[in-house]
Amino acid sequence: MNEERGETLPPPPVPPRRRRRPLVAAGTVAGVIAVLVATPFLFVGFDVIPQSAEEINLPFRKIGQLLIVSVVLAVTWYVLIMVTVGASMPAGRLADADLAAADGMAALWGSETMGTVLVLGGIARILTSWNGFMLGASRLVYALAQSGMLPRWFARVHPRFRTPSNAILFVGGLSVIAPFFGENTLVWMVDAGGLSIVIAYLMVSVSFVFLRRREPHMERPFRTPGGTATGVIAAVLALGLAVLFLPGMPASLVWPYEWVLLALWWAAGLIFMARIPAVAAGPDAEARIRSLTRS
C-alpha cells in the first residue's frame, strides 16, 4: 500500500507457466507398432553367435554370457540413437528427411559434413552386417545339412580352411542375385521374414521350457537366469509380437504377396523336417541323427 496516497499497489504479474512438450506425441501408436515389428530383423544378427558357437574358442558358459551382454549393449545403442535423432529436429522435418539419422546429425552439429561422416559410418556398418550374416547363414545351412534336412553337399568342409565351403558359396550366390529381384520383393521378404523370425523365437522359447521339464539332467554349461519362468515370459512376448502381423493389425502382412511367400517358406520347412531321420528322444538324439545322415 502506498502510505502517502493510501493506494494499494497491484500484485506483480505472474509469468506464464512453460508448457512441457510430451515425450511421445499423440497419435503415434501405429508408428510405434510399425517400428516394433521391424525389431526382430534388428536382433536376428545375434543368432550368428550360437550358429557359429562350434568355432568359438571359448567355454560355452562364457559364450552365453557374451550373448546376453551383446544384446543389452545393442538395445542401449538403439535406444540412444532413437532418442538422439528424435530430439535433433522437429517431427515434421524428420518425417520429410530422406536419411533422418544423417539429417539429425547435421542439425545437432550444425554441419553437413558430420551428416556425411555418419553416412560413411553407416555404410561401414552394413559391410560388417553382411560379413556377420554370411558367417551365420552358411553355418545354419551347414547344420541343416548335417541333420539331413538339406542335401549332404551343403555339409562339405573345406580340407584346408575347415569352413563349410559349399554352404558359403551357396549363400554368397544368393546374396549376389538378391538385389536383382527389386525393392518390392525385398520388402516382402523382410516383412514375411519378420514374422518367421518371431515364430522361431516362440519355438525356441517353448522348446526351452519343454527341455527343462523333459530333460532335467541334460548337460547345461550355461544356465539362463530365471529358469523356466524366463522361457515362459519369452514365449508370451513372442506370441504377442506375432499377433501384430495378423490381418487387421497396424503392421499386418500385405495380401497376397507376403502371405504367399510365408506359405512357401513354411511348405519348404515341412519338406525339410520330413527328411530328418526318426530317432527316439534323449540327450544324445542329435548325435544319433548325425550318425544316420553320415551313413
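The values are calculated or read from the model by the stated rules, or taken from the named source; none is laboratory data. Predicted model, so just to flag it, every value in this text is computed and none were measured. Here the Cβ is made from the backbone with ideal geometry for all residues, glycine too, and neighbour counts use every protein chain on show. Each accessible area value is taken on the protein alone, full model and side chains, heavy atoms only, with ligands, DNA and RNA left out. Shrake-Rupley method; radii C 1.70, N 1.55, O 1.52, S 1.80 Å.
Remarks
- Here the calculated FRET efficiency for E55 and L99, from their Cβ-Cβ distance with R0 = 45 Å, stands at 0.80, rounded to the nearest 0.05.
- Principal-axis tilt of helix 112-146 within the chain, Cα atoms, nearest 10 degrees: 30
- Stokes-Einstein translational diffusion, the range 206-273 - Kirkwood Rh over all Cα pairs, 1.002 mPa s, 20 °C, in µm²/s: 145
- Global form of the range 161-295, assessed from the alpha-carbon gyration tensor, a/c cut-off 1.5: oblate
- Equivalent-ellipsoid semi-axes of the chain, from the Cα gyration tensor, Å, largest first: 50, 25, 21
- Trypsin sites (Lys or Arg not before Pro), loop per DSSP, at most 12 other Cβ atoms within 10 Å - longest free stretch of the chain: 21-159
- In the range 202-295, the chymotrypsin sites (Phe, Trp or Tyr not before Pro) that fall in loop regions by DSSP, at most 15 other Cβ within 10 Å: F222
- Normalised per residue, the volume of the convex hull around the Cα set of the range 24-131 (Å³): 128
- Averaged per residue, the chain has 71 square angstrom of accessible surface, using a 1.4 angstrom probe with ligands and nucleic acids left out.
- q = 0.17, 0.20 Å⁻¹, the range 108-157: log10 I(q)/I(0) [Debye, one scatterer per Cα]: -0.61, -0.70
- Radius of gyration, Dmax [the range 86-197; alpha carbons; angstrom]: 19.8, 57
- The Cα atoms of the range 132-209 give a gyration tensor whose axes a ≥ b ≥ c have a/c of 1.5 or more with a/b no greater than b/c, which makes the shape oblate.
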